[in-house]
Amino acid sequence: MADKCKKDDGPPPPAGWLATFSDLNSLLMTFFVMLFSMSSISPGKFQQAAVSFRSPFSGTPPSVLTGGRSLSEESLITSNPGIRVELFRLQDDPKYKGRISIEENDKGTIIKMQDMAFFEPGSAKLTSDAKELLYKLGIILLEHSNNTIEIYGYTDDRLPSNTSIYPSNWHLGAARAASVARFYAEEMKQKRTLERLAEVREGKFNPEYYYNAERFYPIAVGDVLIKKEIENLKSTIESKKTLLKNDFENGKLNISELHQKEKELNLEYNNTLEDLRNKFRRIDLLILRQRLR
């Protein structure tokens, strides 16, 4: 007689402690969800977390203005085309037409502001017009990124007066760059805190993060660049005067014509020098391709 088939009772029941462990996990999850729901999210920290998740899929670091995927060393400003649109919109504003230029280099994006009275003469005190423009740029750049920003301070070729607190244009340029950094880290921070007070209270806006003083690095340029351009200008004018003297010696010009043309060249020099000085009424902001140092 064949053996009777044994009944398959299935796998053994799980150990009793597994049920307790599963209940504990559910309770802990519920507890942490409750804590999270009672907390507020810092926009800046959320950006950093989002960037960290995206970094493994990133390619070559794009610029601030070209859009694209961000590396962990960059801010989400690189993937926000709205930033690019707002920058160009400000650049095309009739009030700032021809006074703002946007360029790219190996370090990042440079916002050049020139031909404006950014500071009182021989001083590092920002004018109201300068603060207005810096404020508009700050909203676009600072509140949508965590990039480090280098600030370059310039002067023209004229030395500070004997009564100035600045012994050289190098010192004055450094003070001007520092004034812009202080404006962002203190004055604008306080203003934006009041303007967005409701969002600050709700945890939707964190001025301590966006206007962190560690984001800003003042750098003195002083009169170094304008002196180079003035030397080039002098060389050009002197070359033209030499050609005029050769023409006079060869009989192509009489003495009256020579003096008249030399007078015109002197006027050209003075007008170009004044244009250069206006050009170096200037502030540069370099948004680096990296996050806060």
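Which of the residues belonging to the range 191-225 are within 30 Å of residue 157 (Cβ to Cβ) and either acidic (Asp, Glu) or touching a Leu at 6+ places or on another chain (Cβ under 6 Å) (or both)?
Scanning the range 191-225 gives a single hit, 223.
Could you name every one of the helices (runs of 4 or more DSSP H) located completely within the range 159-206 that has at least 1 residues being aliphatic (A, V, I, L, M), closer than 14 Å to residue 122 by Cβ and modelled with pLDDT of 95 or more?
169-182
Kindly evaluate residue 225 against the criterion of being over 24 Å from the mean Cα position of the chain (by Cα) and open to solvent by less than 80 Å² (accessible area, probe 1.4 Å).
Details: over 24 Å from the mean Cα position of the chain (by Cα): no; open to solvent by less than 80 Å² (accessible area, probe 1.4 Å): yes.
When the stated conditions are applied, residue 225 does not pass them.
So, of the residues in the range 129-173 that are within 20 Å of the chain's Cα centre (by Cα), free of Cβ contacts under 8 Å to residues at least 60 places away in the same chain and open to solvent by 10 Å² or more (accessible area, probe 1.4 Å), which turns out to be nearest to residue 81 (Cα to Cα)?
Per the stated criteria, the residue is 140.
Looking at this structure, is residue 232 loosely packed, with under 15 Cβ neighbours inside 10 Å, within 45 Å of the chain's Cα centre (by Cα) and outside any strand (DSSP E or B)?
For residue 232, the condition - loosely packed, with under 15 Cβ neighbours inside 10 Å, within 45 Å of the chain's Cα centre (by Cα) and outside any strand (DSSP E or B) - is met.
Would you say residue 219 is open to solvent by less than 60 Å² (accessible area, probe 1.4 Å), in contact with a strand residue (DSSP E or B) (Cβ under 7 Å, 6 or more places away or on another chain), closer than 25 Å to residue 273 by Cα and not small (Gly, Ala, Ser)?
yes
Can you give me the number of residues within the range 83-119 that are assigned to a loop (DSSP other than H, G, I, E, B) and open to solvent by less than 40 Å² (accessible area, probe 1.4 Å)?
Count: 2.
Can we say residue 122 is in contact with a Lys or Arg (Cβ under 9 Å, 6 or more places away or on another chain) and crowded, with 19+ Cβ neighbours inside 10 Å?
It is false that residue 122 is in contact with a Lys or Arg (Cβ under 9 Å, 6 or more places away or on another chain) and crowded, with 19+ Cβ neighbours inside 10 Å.
The values are calculated or read from the model by the stated rules, or taken from the named source; none is laboratory data. None of these values were measured; they are calculated from a predicted model. Heads up, the Cβs are rebuilt from the backbone with ideal geometry, glycines too, and the neighbour counts pull from every protein chain shown. Side chains included, ligands, DNA and RNA excluded: accessible areas come from the protein's heavy atoms. Shrake-Rupley method; radii C 1.70, N 1.55, O 1.52, S 1.80 Å.
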